[in-house]
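Before any comments, here is the structure.
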Amino acid sequence: MIILTTLAAIAPTFDVEAASRAYLDTLSGAARAKSDAYFEGGYWMLLWSALVGVLSYLVMLRLGWSAKWRDLAERITRRRFLQAMLFAVPFVFIGALLTAPWEIYAGFVREKHYGLMNQSFGGWLGEQAIVLAVNALIMAVLIGIVFALIRWSPRRWWLWSAGAVTLLLAFIVMIQPVYISPLLNKYTPMAAGPLRDQILGMAHANHIPADNVYVFDASKQSKRVSANVSGLGPTIRISLNDNLLNRSTPAGVKAVMGHEMGHYVLDHIQWMIAQFALLLVGVMFALWWSVPRLIARHGARWGVSGPADLAAVPVYFLMVSLIMLVATPITNTLIRRHEIQADNFGLDAAREPDGFAQSAMQLSEYRKIEPGRVEEALFFDHPSGSNRVHRAMAWKAAHLTDLPVDQRGVVRPLPPPLNASIIPPSARAAPAPASNVQR
Ligand SMILES: [Zn+2]
């Protein structure tokens, strides 16, 4: 034992490729085929989803529903802003009915088929109703503001509305963890125990207040392992889902926590909003240019008189669906860049490369693990499992002498693929491995 320790300390060598392979090979055969099929199917779903949206807007326009909703709103009130808000009600709810068959397939049936859904249909439907109600409220305000700007500045509304929508977005992001997320899940402080102490210790070391770390009951919806940073300014927080705590080793939880701390410390939410603002300027300009042209061609048939007519709302959303579909690789790449930064921050903060690799393998239950380079650039908003496992192992190779001796070898990873057995509760608060106290 002493000889081995000495040897490892003198000449630490570590084969990044072999170590990565050992992890990646734990997802194989039917489980890997299933994960690939689920994720690749998602590429086409992007297209179908946009087309279903476009079709629903065309139905509203061609059947004259949109014009009727405008007439109704104008009969009820003379106030323009209220008219716009009233218009949003049938637009959102009847729109949801039109796309319901697709949403039920994409959001429930398909998830159930791939074994990712824990909810009954009734439970799922109930949550969709809550989401729809929140959407209707947001949509009413959004349509109210944008149409006020369209009337106020016909030539420059695209610029003003990009700014106004960004402010609205920032406001929603800020209130989301306090007023929106708790509508669907219960958020609680982490249960006391050694893992909590370590996690809050990591948070403290990175100047994140302890009461900004929450656990939420995602297991009622699905078995997905996940965590996130949400909120803005006074409401910013890190939330770990209970699947992560129940299905991961303490090292895996710490690694994920390190990643989320990266988002927190690197101000990724603020950056996301800023980038979204720029994207929005482009989207709004495209709307300003294209919608009047579409109305000039088809407006008479749709009962839409011009770009400031409320009945034109579905025309704007039709164009937004198409633009956002085309912009998917851009938005994915913006998010993916943040994710890689957070990964790298997390590796340094948690110093748990094997825990990180284990979590990357768990995330590959629903994300194709070894995509091609172009495929990853176009369709991945998070790095693929192989990308993450490789970076974790490269980090390990670069920091080998800093790691406890027993963690310097190629670790045979836990097999975490689909339908992996859940770690028994007794193991959840297992005492920390030696590496956890080194900091
Ligand atoms: Zn992330």
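Taking the chain, how much of its Cα-Cα pair set, in percent, is spaced more than 29 angstrom apart? Across the chain, Cα pairs with separations above 29 Å total 53 percent. Each of Trp124, Leu310, Ala205 was scored by the projection of its Cα onto the charge dipole of the chain, and the greatest displacement toward the positive side belongs to Leu310; charges sit on the C-beta of Lys, Arg, Asp and Glu. Put simply, the amide H of Tyr214, placed in the peptide plane, has neighbours under 5 Å in Ile238, Ser239, Leu240, leaving out anything fewer than 5 places away on its chain. Residue ranges 249-258, 74-83 sort as 249-258, 74-83 when ordered by packing (mean number of other C-beta atoms within 10 Å per residue, highest first). For the chain, the relative contact order works out to 26 percent when only alpha carbon pairs closer than 8 Å and six or more residues apart are counted. For the range 96-108, putting each phi into the Karplus relation 6.51 cos²θ - 1.76 cosθ + 1.60 with θ = phi - 60° gives couplings of 5, 5, 4, 9, 4, x, 5, 4, 5, 5, 5, x, 10 Hz, in residue order, rounded to whole numbers and with x for Gly and Pro. Each part gets one Cα centre, and for the range 192-211 versus the range 234-307 those centres are 28 Å apart.
Per residue, the convex hull spanned by the Cα atoms of the range 258-393 amounts to 124 cubic angstrom.
Ordering Val146, Pro292, Leu72 by the projection of their Cα atoms onto the charge dipole of the chain, which places +1 on the Cβ of Lys and Arg and -1 on the Cβ of Asp and Glu, puts Leu72 at the extreme positive end. In terms of other Cβ atoms within 10 Å, His338, His298, His263 run from fewest to most in the order His298, His338, His263. Rounded to the nearest 20 debye, the dipole size of the chain about its Cα centre is 1420 debye, using +1 on the Cβ of Lys and Arg and -1 on the Cβ of Asp and Glu.
From its DSSP helices (H runs of at least four residues, each -39,500 (n - 2.57)), the chain gives a residue-normalised ellipticity at 222 nm of -21500 deg cm²/dmol.
Residue by residue, the range 327-337 carries 3J(HN,Hα) couplings of 7, 3, x, 5, 5, 4, 5, 4, 5, 4, 4 Hz when phi is fed to the Karplus relation 6.51 cos²θ - 1.76 cosθ + 1.60 (θ = phi - 60°); x denotes Gly or Pro. Derived scalar couplings between HN and Hα for the range 72-86 equal 4, 4, 6, 6, 6, 9, 9, 6, 5, 5, 5, 4, 4, 5, 5 Hz in order, rounded to whole Hz, by the Karplus curve 6.51 cos²θ - 1.76 cosθ + 1.60 (θ = phi - 60°), x for Gly and Pro. Taking Val146, Val374, Val59 as the candidate residues, the one with maximal mean-square fluctuation in a Gaussian network model of the chain, Cα springs under 10 Å, is Val374. In the range 23-165, inverting the average of 1/r over every pair of distinct C-alpha atoms gives 18.1 Å as the Kirkwood radius. Note on the chain: Lys pairs 8 or more places apart or on different chains, Cα atoms under 13 Å apart, count 4.
Dipole magnitude for the range 68-157: about 660 debye, using +1 per Lys or Arg Cβ and -1 per Asp or Glu Cβ, origin at the Cα centre. Taken about its Cα centre, the range 209-353 carries a charge dipole of roughly 540 debye when the Cβ of each Lys and Arg holds +1 and the Cβ of each Asp and Glu holds -1.
Here, each number is a calculation from the coordinates, and none is a lab measurement. The shown structure was predicted, so the numbers you read here are calculated from the model rather than taken from an experiment. Neighbour counts run over all protein chains shown; Cβ positions are idealised from the backbone, glycine included.
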